[in-house]
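The values are calculated or read from the model by the stated rules, or taken from the named source; none is laboratory data. Note that the structure is a prediction, hence the values are computed from the model and not measured. Positions of Cβ are generated from backbone atoms using ideal geometry, with glycine treated the same way; all protein chains shown enter the neighbour counts.
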Amino acid sequence: MRIRRLAGATALATFAASLTLFASPSPAQAADSVILPVTSHWQTLADNHHVYVSAPGDDAVVATDHDGRVLKTVEGLDGARGMTLSGDESTLYVALPDADAIAAIDTTTLTETRRFATGSDTEPENLAVAGGKLWFSYQATVFDAGIGSISVADTDPVVELDRNPVWYGKPRLASSPARPDRLVAAESTGAPGMRTYDVSSGSAQEVAYTDAAFRVDDLAITPDGETAVTAA
């Protein structure tokens with residue numbers, strides 16, 4: 001997996017610093033702004049039909065269409081932070097650090113259908129789907145963070161926590177359907193570090209490392225699964 005460092009403003013187009021979504025109907029018209037019905041923001045995520053915005057201060061996720069029209073606000077999501085989608089985009093997973101859990105939301109009905117407990121005081125934060133499992137970063141000890149997994153496809157899901165946590169802060173996570181057995185993680189605070197894991201066996205086996213990434217605020221993998229893009 002190639003890792004590139006790109007110049008600041010041209011590296012990544014993101015809504016991360018704003019609570020406003022913009023729609024441009026045509027080049028001749030000025031952009032219209034849509035004020036979302038929340039007062040906080042953590043992550044923005046899009047699929048083929050929706051844009052999702054998690055709002056930890058509001059315990060909610062806002063779902064809009066691609067023109068910014070609010071379709072629904074899913075409430076009761078304790079401290080809603082990191083999000084990821086299932087491979088078929090039928091389920092939105094939302095990390096709930098204030099509930100030590102992860103919520104599953106049906107992307108058609110925009111309602112919570114299931115909730116997975118991650119363990120006492122784990123406070124899950126960032127999510128990715130790879131190797132048939134849902135992976136999450138969490139607080140492993142007072143000083144260390146780890147990466148856990150949930151077998152969400154099972155009738156009785158199994159939660160596995162990191163036996164050897166190596167992260168200073170809860171790492172950002174990313175994956176790509178083009179490389180379904182690869183999970184990428186990047187340090188969010190403190191020390192530098194980015195790791196690529198092979199998760200084909202059901203556990204995370206480190207296959208690559210670099211210290212080029214430092215205090216990453218967001219992480220994405222290109223559609224071909226070959227390049228990691230960071231915002232820091």
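Odds and ends about this structure:
So that you can scan it fast, the table gives a plain yes or no per residue for (1) within 21 Å of Ala185 (Cβ to Cβ); (2) touching a residue at least 24 places away in the same chain (Cβ under 8 Å):
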{"residue": "Thr107", "(1), (2)": "no, yes"}
{"residue": "Asp121", "(1), (2)": "yes, no"}
{"residue": "Tyr138", "(1), (2)": "yes, yes"}
{"residue": "Thr155", "(1), (2)": "no, no"}
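- Residue among Val216, Val184 that is part of a loop (DSSP other than H, G, I, E, B), crowded, with 17+ Cβ neighbours inside 10 Å and among the aliphatic types (A, V, I, L, M): Val216
- Strands (runs of 3 or more DSSP E) enclosed by the range 34-83 - at least 2 residues per element that are surrounded by 13 or more Cβ atoms within 10 Å (Cβ to Cβ) and within 13 Å of the chain's Cα centre (by Cα): 43-46, 51-55
- One residue from Gly132, Gly119 being in contact with a Leu (Cβ under 7 Å, 6 or more places away or on another chain) and of a type in the set (Gly, Ala, Ser): Gly119
- Options Asp181, Asp217, Asp211, Asp162: the member that is at pLDDT 95 or above and either at negative phi or not hydroxyl-bearing (Ser, Thr, Tyr) (or both): Asp181
- Number of positions in the range 160-181 that are part of a strand (DSSP E or B), of a type in the set (Ser, Thr, Tyr) and surrounded by fewer than 20 Cβ atoms within 10 Å (Cβ to Cβ): 0
- Only residues that are acidic (Asp, Glu) and assigned to a loop (DSSP other than H, G, I, E, B) were counted in the range 196-213, giving 1.
- For the range 93-147, a residue qualifies if it is part of a strand (DSSP E or B), farther than 14 Å from Leu161 by Cβ and not small (Gly, Ala, Ser), and the qualifying residues are Tyr93, Val94, Leu96, Ile105, Asp106, Thr111, Glu112, Thr113, Arg114, Arg115, Leu127, Val129.
- Filter result for Tyr138 (closer than 16 Å to Asp121 by Cβ, modelled with pLDDT of 95 or more and surrounded by 21 or more Cβ atoms within 10 Å (Cβ to Cβ)): yes
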